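Below is one structure; the comments refer to it alone.
The values are calculated or read from the model by the stated rules, or taken from the named source; none is laboratory data. Keep in mind the model is a prediction, meaning the values are calculated, not measured. Cβ coordinates were reconstructed from backbone atoms using ideal geometry, including for glycine residues, and neighbour counts include every protein chain displayed.
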Amino acid sequence: MEIVTKIAPIILALIMLGLGLGLKLEDFSRVLKTPKDFIVGFISQLVILPIVAYILILIFKTPPEIAIGVMIIAAAPGGVTSNIMTKFADGDVALSISLTAVISLLSIITVPLIIFTSADMLGITEVYRNISMTAIALKMFLVVTVPVILGMIIRKFAENFISSKVGIFNKLNIVLFVIFFFAAFYEEKDNLISFIMQAGLITLILNVSMMVIAYYIAKAFTSGVKQMRCIALECGLQNGTLAIFVSTQIFGTDILYAIPTAAYALIMYITGFIFIYILRKSN
């Protein structure tokens, strides 16, 4: 994990810069215009997803290292990938962008809070010995919040140029994400099967069950089918790069804590495309 540990902050910062370049103030003001849909997505991702992850950890009696890894991926916000997949699924892309933007900016608080709270509830003290909640929040601020704000400032002063290139920036974000995970998998290729064996089942169940739960919560409380699709995908497609970054910041090169993130990153694309296929088939 030495290579991944070194490149994770750089790749994450570039991805968040790309996210910022694709954002406008309207993406945040939209939250106030359609608050119900946003609140449903917000609660589903920031509250229900970690709770479902925690319940699954208790049911499966997951080892502490894998348990913390599961909570890290459950705490991570959605990424640019969820915005693109929502578009493929004919979902509410504007809502997806708003959820990704707001939850990503809040992640400097919510991610450490969820991880440290769950570690405390699970009786895992290793987290506290390695890094403080304040320290991880500060590091996340530098590689998550600052690049997003910088990207928005750049777009503000070069609106015409940047707005015409948003699609390119989104594709570059996907490329960076893919490069990062290929680097991670290549470095640990000898352990890849072991990773899937150790964390594959719980991450698969977490991913699928959360998309289903979010879909039906959205069906009960949001304004339409597009919003249901958006929220289900937002809760199923997490920012794996951010999760890896957090894992390496807390546990350094100890790969065991990053296993669920690696497994989840593989699984979420497969299940995401299957979910989209089912939606399109049902139409």
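Do any helices (runs of 4 or more DSSP H) lying entirely in region 1-57 carry at least 1 residues that are of a type in the set (Gly, Ala, Ser) and either in contact with a Lys or Arg (Cβ under 9 Å, 6 or more places away or on another chain) or without any contact (Cβ under 8 Å) to a residue 60 or more places away in the chain (or both), and which ones are they?
By residue number, 2-21, 25-33.
For region 206-229, what are the residues that are touching a residue at least 24 places away in the same chain (Cβ under 8 Å) and closer than 16 Å to Phe273 by Cβ?
Selection gives Asn207, Val208, Met211, Arg229.
Give the residues of region 213-234 that are in a helix (DSSP H, G or I) and small (Gly, Ala, Ser), sorted by residue number.
Ala214, Ala218, Ala220, Ala232
Somewhere in region 139-152, is a residue touching a strand residue (DSSP E or B) at 6+ places or on another chain (Cβ under 7 Å) and at pLDDT 70 or above?
Looking through region 139-152, none of the residues is touching a strand residue (DSSP E or B) at 6+ places or on another chain (Cβ under 7 Å) and at pLDDT 70 or above.
Rundown of residues vs (1) among the hydroxyl-bearing types (Ser, Thr, Tyr); (2) closer than 25 Å to Ile51 by Cβ; (3) surrounded by fewer than 18 Cβ atoms within 10 Å (Cβ to Cβ); (4) modelled with pLDDT of 85 or more, yes/no style:
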{"position": "Met211", "(1), (2), (3), (4)": "no, yes, no, yes"}
{"position": "Cys235", "(1), (2), (3), (4)": "no, yes, no, yes"}
{"position": "Thr241", "(1), (2), (3), (4)": "yes, yes, no, no"}
{"position": "Leu256", "(1), (2), (3), (4)": "no, yes, no, no"}
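So, Asp90, is that one of a type in the set (Asp, Glu), in a helix (DSSP H, G or I) and surrounded by fewer than 19 Cβ atoms within 10 Å (Cβ to Cβ) or not?
Answer is no for this residue.
Among the numbered criteria (1) more than 17 Å from Thr81 (Cα to Cα); (2) part of a helix (DSSP H, G or I); (3) touching an Asp or Glu at 6+ places or on another chain (Cβ under 9 Å), which single criterion is violated by Ala262?
(1)
Would you check which residues across region 53-80 are surrounded by 24 or more Cβ atoms within 10 Å (Cβ to Cβ) and either on the phi > 0 side of the Ramachandran plot or under 11 Å from the mean Cα position of the chain (by Cα) (or both) and list them?
Across region 53-80, the qualifying residues are Ile72, Ile73, Ala74, Ala75, Ala76, Pro77, Gly78, Gly79, Val80.
Can you name the number of the only condition in (1) within 23 Å of Val208 (Cβ to Cβ); (2) in contact with a Leu (Cβ under 9 Å, 6 or more places away or on another chain); (3) surrounded by fewer than 24 Cβ atoms within 10 Å (Cβ to Cβ) that Ser118 fails?
Exception for Ser118: condition (2).
Being among the hydrophobic types (A, V, I, L, M, F, W, C), within 21 Å of Thr248 (Cα to Cα), at pLDDT 90 or above and out of contact with any strand residue (DSSP E or B) (no Cβ under 6 Å at 6 or more places or on another chain) is true for just one of Ile73, Ile109. Which residue is that?
Step by step, each of Ile73, Ile109 is checked, and only Ile109 is among the hydrophobic types (A, V, I, L, M, F, W, C), within 21 Å of Thr248 (Cα to Cα), at pLDDT 90 or above and out of contact with any strand residue (DSSP E or B) (no Cβ under 6 Å at 6 or more places or on another chain).
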